[in-house]
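All remarks here apply to the structure that follows.
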Amino acid sequence: MKKSIVWGIGLTLLVLGLSGCMTMQAIKEEDKVFSQIYDAPGFTRDVLYEKTKIWIAETFRSAKAVMEYDNAKSGTLIGNGAIPFPCKDTSFYCTLRRNWTVPFTMKMEAQDNKFRLTFSNLRLAWPETYGGLIYTGHQPAGDMPLVQQEYYNMVRPALLGLGEEIKMSLKKTVDSGKW
């Protein structure tokens, strides 16, 4: 009797989970790469380039955060980074994704008084797991392109927030003579 109840609950959750996945929309092609321009009054291209390069080095400390392109003359940086999957509430949905990350490629182009960030190659990555609230087996680690609109809607604002973090870091001045 108890075994059939457990199987019934498990089957119901499986059906609900699969039906939820089937209704998720794919990311529109034009949303796979997106940009934002940020004003930075009073900062030259060279200063924006240098300060952003420092911000990248301090923010993305993992081995996967690799600088792919670095051109001081044009004020352009291209690198790979990752952020935690931006699911902040305490729902079951977010609990299951608490160790996920979002790897991406970020291009920064600086001009006097402004810079542009362009994000591409959005991915979802998750760690290997054993057990869990419902699932009690082994789940291998994974990494795949971010293709679901629902996830994109959560990730896009978090990535654009990195531009605001860069702007905040511009205001920090460090007197290297006093340390």
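Return the subset of LYS88/LYS171; LYS32/LYS167; LYS28/LYS114 for which the Cα-Cα distance in this structure is over 26 Å, preserving the input order.
LYS88/LYS171; LYS28/LYS114
Using Cα pairs under 8 angstrom and six or more residues apart, how large is the relative contact order of region 26-170, in percent?
Rounded, it is 27 percent for region 26-170.
Tabulate in residue order the Karplus-calculated ³J(HN,Hα) for region 77-82, using 6.51 cos²θ - 1.76 cosθ + 1.60 with θ = phi - 60°, rounded to whole Hz; enter x for Gly and Pro.
3J(HN,Hα) across region 77-82, in whole Hz: 10, 10, x, 9, x, 8.
Each value in this text was obtained by applying a stated rule to the coordinates, not by laboratory testing. As the structure is a prediction and not an experimental result, all values here were calculated from the model.
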